[in-house]
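S.K.: Let me give you the structure first, and then I'll get to my questions.
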Amino acid sequence: MESIKNIFRIGTGPSSSHTMGPQQAAKIFAKRNPDAKAFEVTLYGSLAATGKGHMTDVAIISVLKKIAPVEIIWAPETVLPHHTNGMRYKALTDEKKVTDEWVVYSVGGGALSEGKGKNDYFYSPPIYELQKLKDIQKWCEKNGRGYWEYVAQCEEEDIWDYLREVWHAMCNAVERGLDSEGVLPGSLNLARKATNYYVKARGYKPSLQSRGLVYSYALAVSEENASGGTIVTAPTCGASGVVPAVLYHLSKAQEFTENKILRALATAGLFGNIVKHNASISGAEVGCQGEVGVACAMASAASCQLFGGTPAQIEYAAEMGLEHHLGMTCDPVCGLVQIPCIERNAFAACRALDAQLYSTFSDGRHRVSFDRVVEVMKQTGHDIPSLYKETSEGGLAHDFEW
């Protein structure tokens, strides 16, 4: 498995796979072709189906237009072999002769791939020897250590500085979102809700206030993402509100120290990394279970660790966080990361805290393992028809009226 730094990427929304990935690809292609007279970019599959709502064309053109004019070609009916989020970049002369051509895929969480395995431009040598949660859990129990300590053993020493930067970016996104009002960009004219939820929550008794505050924090980050603000993929832009909402709430309400929060983030990143390596975190490939579902699992594991959970209890919390999202489709209305994405982040954040509590009441023993749920999620994602996987052709997005 790669570094968990690739799970937590600081960038701008609204989509890690449809905005961050394509923009990064455009930057690489621009660097390769600084003298091009024109560019032609063909978007395939899911990228073409919901690219306009996700501002894929805007992200690409903003980079390439500094060199030469750009033509975007939309091909939603064509899916390239490696992944549904395919792109073909071409650099052209004045006579429209192709001087460079590059096929690349945006595979989720802002990551790119050429589909070439170890010969891939984006290939990173694995730094984690163990790739299944059951094996990592055995290592923890044998050595009397936590999941975050396994992360520390595998990562470079700068991982804590990086996670501190991630944590501060998450907090900033929450606080900016709570202070922002108005309408989100796009044709839905969706009003921001975070600040209202925050104000209303503070007026309730403690038991209800806690839940309302978590809602407001998740809404704050998700609305920042939807407006193109700076957020952290955790593991994606579309699910970026879950982990920050849970950890921000616990840091305020329970006064956990920053070091404890960073260790919890390390554990969250490890669980997200396992899913990314063994299945997928791409909504276009496996549906929203791979985004909000995985985010819930990450937040469940992180919060369970903060409350003193054993490795077995943490694994159980994460298993429930993911299992209870199995089969969730990715059906963004108008291709925007707003409906139902924003609301799902709020509910998943609270579900993560429920999973943590349920697991803490147990001894950690249960029948269905986290690894098994990851396998089922992968298969379920492959079984879901493409119209329910970030194409806006089915589910809530189909014939939506507003």
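S.K.: Go through HIS82, HIS54 for me and flag whichever is closer than 24 Å to ALA239 by Cβ, of a type outside the set (A, V, I, L, M, F, W, C) and free of Cβ contacts under 8 Å to residues at least 40 places away in the same chain. First the steps, then the outcome.
M.R.: On the way: HIS54 fails: free of Cβ contacts under 8 Å to residues at least 40 places away in the same chain.
HIS82 is the lone residue from the list that is closer than 24 Å to ALA239 by Cβ, of a type outside the set (A, V, I, L, M, F, W, C) and free of Cβ contacts under 8 Å to residues at least 40 places away in the same chain.
S.K.: Out of the residues in the range 220-235 meeting the condition of being closer than 11 Å to THR12 by Cα and hydroxyl-bearing (Ser, Thr, Tyr), tell me which one is surrounded by the fewest Cβ atoms within 10 Å (Cβ to Cβ). Quick ask: steps written out before the conclusion?
M.R.: We begin by selecting, within the range 220-235, every residue closer than 11 Å to THR12 by Cα; these are 224-233.
Applying the additional criterion that residues be hydroxyl-bearing (Ser, Thr, Tyr) yields 227, 230, 233.
Numbers: SER227: 22, THR230: 14, THR233: 31.
Ranking the qualifying residues of the range 220-235, first place goes to THR230.
S.K.: Next question, about the same structure. One residue is enough: does the range 128-151 have a residue meeting the conditions within 27 Å of VAL333 (Cα to Cα) and among the hydroxyl-bearing types (Ser, Thr, Tyr)? Lay out the reasoning, then the answer.
M.R.: Applying the first criterion (within 27 Å of VAL333 (Cα to Cα)) to the range 128-151 yields none.
Scanning the range 128-151 turns up no residue that is within 27 Å of VAL333 (Cα to Cα) and among the hydroxyl-bearing types (Ser, Thr, Tyr).
S.K.: Right, another one. Residue by residue through the range 315-374, note down the ones that are part of a helix (DSSP H, G or I) and closer than 21 Å to VAL183 by Cα.
M.R.: VAL333, CYS334, GLY335, CYS341, ILE342, GLU343, ARG344, ASN345, ALA346 - these are the residues of the range 315-374 that are part of a helix (DSSP H, G or I) and closer than 21 Å to VAL183 by Cα.
S.K.: Need at least 3 residues that are open to solvent by 50 Å² or more (accessible area, probe 1.4 Å) and either under 30 Å from SER369 (Cα atoms) or modelled with pLDDT under 95 (or both) per element, so show me which helices (runs of 4 or more DSSP H) inside the range 50-166 make the cut, counting only ones lying wholly within it. Outline the logic, then answer.
M.R.: Working: elements: 56-64, 133-143, 147-154.
Answer list for the range 50-166: 133-143, 147-154.
S.K.: Right, here's the next one. Among the numbered criteria (1) at pLDDT 95 or above; (2) within 24 Å of VAL374 (Cα to Cα), which one does GLU175 miss?
M.R.: Checking GLU175 against (1) at pLDDT 95 or above; (2) within 24 Å of VAL374 (Cα to Cα), the one that fails is (2).
S.K.: Still on this structure, I have one more. All but one of (1) polar (S, T, N, Q); (2) assigned to a helix (DSSP H, G or I); (3) surrounded by 19 or more Cβ atoms within 10 Å (Cβ to Cβ) hold for ASN172; which doesn't?
M.R.: (3)
S.K.: Looking at the range 182-215, which of its residues are in a loop (DSSP other than H, G, I, E, B), under 24 Å from the mean Cα position of the chain (by Cα) and among the charged types (D, E, K, R)?
M.R.: ARG192, LYS193
S.K.: Within the bounds of the range 291-301, is there any residue that is over 14 Å from the mean Cα position of the chain (by Cα) and either within 28 Å of TYR128 (Cβ to Cβ) or outside any helix (DSSP H, G or I) (or both)?
M.R.: From the range 291-301, those over 14 Å from the mean Cα position of the chain (by Cα) are 300-301; that's our starting set.
Applying the additional criterion that residues be either within 28 Å of TYR128 (Cβ to Cβ) or outside any helix (DSSP H, G or I) (or both) yields 300-301.
There is at least one residue in the range 291-301 that is over 14 Å from the mean Cα position of the chain (by Cα) and either within 28 Å of TYR128 (Cβ to Cβ) or outside any helix (DSSP H, G or I) (or both).
S.K.: Considering only the range 241-260, I want to know if a residue exists there that is open to solvent by 10 Å² or more (accessible area, probe 1.4 Å), more than 25 Å from ILE136 (Cα to Cα), outside any helix (DSSP H, G or I) and free of Cβ contacts under 8 Å to residues at least 24 places away in the same chain.
M.R.: Checked against the condition, which is being open to solvent by 10 Å² or more (accessible area, probe 1.4 Å), more than 25 Å from ILE136 (Cα to Cα), outside any helix (DSSP H, G or I) and free of Cβ contacts under 8 Å to residues at least 24 places away in the same chain, the range 241-260 yields at least one hit.
S.K.: Could you pull out the residue among GLY269, GLY290 that is open to solvent by less than 20 Å² (accessible area, probe 1.4 Å), closer than 26 Å to SER392 by Cβ and either out of contact with any Asp or Glu (no Cβ under 9 Å at 6 or more places or on another chain) or not hydroxyl-bearing (Ser, Thr, Tyr) (or both)? Lay out the reasoning, then the answer.
M.R.: Values: GLY269 fails: closer than 26 Å to SER392 by Cβ.
Testing whether each residue is open to solvent by less than 20 Å² (accessible area, probe 1.4 Å), closer than 26 Å to SER392 by Cβ and either out of contact with any Asp or Glu (no Cβ under 9 Å at 6 or more places or on another chain) or not hydroxyl-bearing (Ser, Thr, Tyr) (or both) leaves just GLY290.
S.K.: Something else: Taking only pairs six or more apart or across chains, which ones have beta-carbon atoms under 9 Å, a first residue in the range 315-333 that is over 30 Å from MET55 (Cα atoms) and free of Cβ contacts under 8 Å to residues at least 60 places away in the same chain, and a second residue that is open to solvent by 30 Å² or more (accessible area, probe 1.4 Å) and of a type in the set (A, V, I, L, M)?
M.R.: Once the first residue is over 30 Å from MET55 (Cα atoms) and free of Cβ contacts under 8 Å to residues at least 60 places away in the same chain and sits in the range 315-333, its partners that are open to solvent by 30 Å² or more (accessible area, probe 1.4 Å) and of a type in the set (A, V, I, L, M) give ALA317/LEU357; GLU319/VAL368; GLU323/VAL368; GLU323/VAL376.
S.K.: OK, next. Which residue is nearest to the chain's Cα centre (by Cα), if the candidates are limited to the range 1-25 and must be surrounded by 24 or more Cβ atoms within 10 Å (Cβ to Cβ) and assigned to a helix (DSSP H, G or I)? Reasoning before the result, please.
M.R.: Keep residues of the range 1-25 that are surrounded by 24 or more Cβ atoms within 10 Å (Cβ to Cβ), which gives 4, 7-8, 13-22.
From what's left, assigned to a helix (DSSP H, G or I): 4, 16-22.
Numbers: ILE4: 13, SER16: 7, SER17: 9, HIS18: 12, THR19: 12, MET20: 11, GLY21: 12, PRO22: 15 Å.
Applying the filter and picking the extreme gives SER16.
S.K.: Do the conditions hold for ALA49, that is, is it more than 24 Å from TYR388 (Cα to Cα) and either of a type in the set (A, V, I, L, M) or in contact (Cβ under 8 Å) with a residue 40 or more places away in the chain (or both)? Show your work before the answer.
M.R.: Working: more than 24 Å from TYR388 (Cα to Cα): no; either of a type in the set (A, V, I, L, M) or in contact (Cβ under 8 Å) with a residue 40 or more places away in the chain (or both): yes.
No, not satisfied.
S.K.: Kindly establish whether VAL376 is under 21 Å from PRO235 (Cβ atoms) and at pLDDT 95 or above. Walk me through it before giving the result.
M.R.: Details: under 21 Å from PRO235 (Cβ atoms): yes; at pLDDT 95 or above: yes.
In short, yes.
S.K.: Got a sec? Which of LEU306, LEU326 is in contact with a Phe, Trp or Tyr (Cβ under 7 Å, 6 or more places away or on another chain) and either over 19 Å from ARG365 (Cβ atoms) or of a type in the set (A, V, I, L, M, F, W, C) (or both)? Don't jump to the end; show me each part of the working.
M.R.: Details: LEU326 fails: in contact with a Phe, Trp or Tyr (Cβ under 7 Å, 6 or more places away or on another chain).
Matching residue, one of LEU306, LEU326: LEU306.
S.K.: So if I check each of SER210, SER180, which one is touching a residue at least 40 places away in the same chain (Cβ under 8 Å), farther than 30 Å from ASN6 by Cα and not aliphatic (A, V, I, L, M)?
M.R.: Details: SER180 fails: farther than 30 Å from ASN6 by Cα.
Going through SER210, SER180 in turn, just one is touching a residue at least 40 places away in the same chain (Cβ under 8 Å), farther than 30 Å from ASN6 by Cα and not aliphatic (A, V, I, L, M): SER210.
S.K.: Out of (1) modelled with pLDDT of 95 or more; (2) buried (at least 24 other Cβ atoms within 10 Å of the Cβ), the odd one out for PRO332 is which?
M.R.: PRO332 satisfies every listed condition except (1).
The values are calculated or read from the model by the stated rules, or taken from the named source; none is laboratory data. Since the structure is predicted, the reported quantities are computational estimates derived from the model, not experimental observations. Heads up, the Cβs are rebuilt from the backbone with ideal geometry, glycines too, and the neighbour counts pull from every protein chain shown. Surface accessibility is based on the protein's heavy atoms, side chains included, excluding ligands, DNA and RNA. Shrake-Rupley method; radii C 1.70, N 1.55, O 1.52, S 1.80 Å.
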